[in-house]
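J.: Following this message is one structure expressed as structure tokens.
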């Protein structure tokens with residue numbers, strides 16, 4: 001996939017391309033980078049605040065077992081949404097992008 005095609009690709013296309021070329025170590029490092037970036041967004045999200053949840057990166061890791069109420073969502077503002085062509089919201093209550101994609105949502 002060329003850089004231009006990557007930019008215009010779907011979440012599913014990007015995941016296939018990226019993860020097929022990454023070693024296990026690179027995949028782990030990628031997850032750690034996503035978690036670090038999510039502190040800025042997940043950490044100040046209205047649905048996250050005050051719940052006691054300590055996990056982040058719900059778009060990648062899946063829904064929270066702590067967050068149950070939708071009080072607002074910052075996912076669309078997160079740079080990961082644009083970079084990875086994410087098209088959903090409320091990953092903290094709905095599930096990861098992969099789960100939502102596989103469910104046909």
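J.: Sort 42-54, 79-91, 19-31 by packing, meaning the average of other beta carbons within 10 Å per residue, with the highest value first. Display every interim value, and only then the final one.
T.: Details: 42-54: 15.3, 79-91: 17.4, 19-31: 10.5.
The most tightly packed comes first, giving 79-91, 42-54, 19-31.
J.: Calculate how steeply helix 11-20 sits against the longest principal axis of the alpha-carbon atoms of the chain, using the helix alpha-carbon long axis, and give the answer as 0 to 90 degrees to the nearest 10.
T.: The angle comes out at about 60 degrees.
J.: Going by alpha carbons, how many degrees (0 to 90, nearest 10) lie between the helix axis of 24-38 and the longest principal axis of the chain?
T.: 40 degrees
J.: What Kirkwood hydrodynamic radius do you get for the chain when you take the inverse of the mean 1/r over all pairs of distinct Cα atoms, in Å? It would help to have the intermediate numbers written out before the result.
T.: Working: mean 1/r = 0.0703 Å⁻¹.
For the chain, the Kirkwood estimate is 14.2 Å.
J.: To continue, here is another question. Find the relative contact order for the chain and round it to a whole percent, using C-alpha pairs within less than 8 Å whose residues are 6+ positions apart.
T.: On the way: 106 pairs, mean separation 29.1, N = 105.
Normalised by residue count, the contact order of the chain is 28 percent.
J.: Then there is this: Per-residue ellipticity at 222 nm for the chain, helices alone: DSSP H runs ≥ 4 residues times -39500 (n - 2.57), over residue total, nearest 500 deg cm²/dmol? Provide the component values of the computation, followed by the final result.
T.: Details: 7 runs with 50 residues, N = 105.
Calculated mean residue ellipticity at 222 nm is -12000 deg cm²/dmol.
J.: When only Cα pairs under 8 Å and 6 or more residues apart are kept, what is the percent relative contact order across region 43-105? Display every interim value, and only then the final one.
T.: Details: 73 pairs, mean separation 23.6, N = 63.
Taking the mean separation of contacting Cα pairs over the length of region 43-105, I get 37 percent.
Here, each number is a calculation from the coordinates, and none is a lab measurement. These numbers were taken from a predicted model, which means no experiment stands behind them. No Cβ is skipped: glycine too gets one built from the backbone with ideal geometry, and neighbour counts run over all protein chains shown.
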